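Sharing a structure below in structure tokens format, with a few things to ask.
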Amino acid sequence: MSVILDGRLLLLCRLHLLGLGRQLHNCELVCEALLLLGLFFYGATAQRYALVLPVLAKQPRCKLRNAFKLSAARTDGHCAALLRFRLSFLPLYALSLPVIPLIFTAPYITQAMACRHAELLCGGVE
């Protein structure tokens with residue numbers, strides 16, 4: 001993440017030094033849009049391999065390559081639903097800062113994700 005922000009800062013500094021201060025604001029907007037778009041696609045593609053660790057925990061002798069293949073096969077068509085499920089916990093994370101301590105919310109979120117992964121591994125999700 002810091003590499004992306006460092007690259008953005010470097011680009012903005014170069015534009016400012018070149019005298020493109022007026023266009024600097026537009027470039028900031030484009031950079032922020034690209035950053036958000038990149039984070040969205042990262043989140044969507046990361047869900048494809050979300051079951052690698054549960055597969056390895058369930059089958060310790062499974063090879064890593066096979067765990068990636070099985071995870072990709074089980075999450076095929078469910079990546080968007082998994083991403084929405086993960087994003088549904090954002091308000092809970094936001095509340096955990098001022099109101100509810102994270103020590104109470106983290107086990108709930110971890111258990112909910114484990115149940116969702118178990119449903120996908122067993123083939124119970126339609």
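Please report, for the Cα atoms of the range 50-122, the Rg to one decimal and the Dmax as a whole number; what are they, in angstrom?
In order Rg, Dmax, the Cα atoms of the range 50-122 give 14.3, 43 Å.
Let me ask another. Using R₀ = 35 Å, calculate the FRET efficiency as 1/(1 + (r/R₀)^6) where r is the Cβ-Cβ separation of Glu32 and Ile109; round to 0.05.
Values: r = 27 Å, r/R0 = 0.78.
Given R0 = 35 Å and the Cβ-Cβ separation, E is 0.80.
Where a number appears in this text, it was derived from the coordinates with a stated rule and is not lab data. Nothing here was measured: the structure is a model prediction, and the numbers come from that model. Counting neighbours? That spans all protein chains shown, and the Cβs are built from the backbone with ideal geometry, glycine included.
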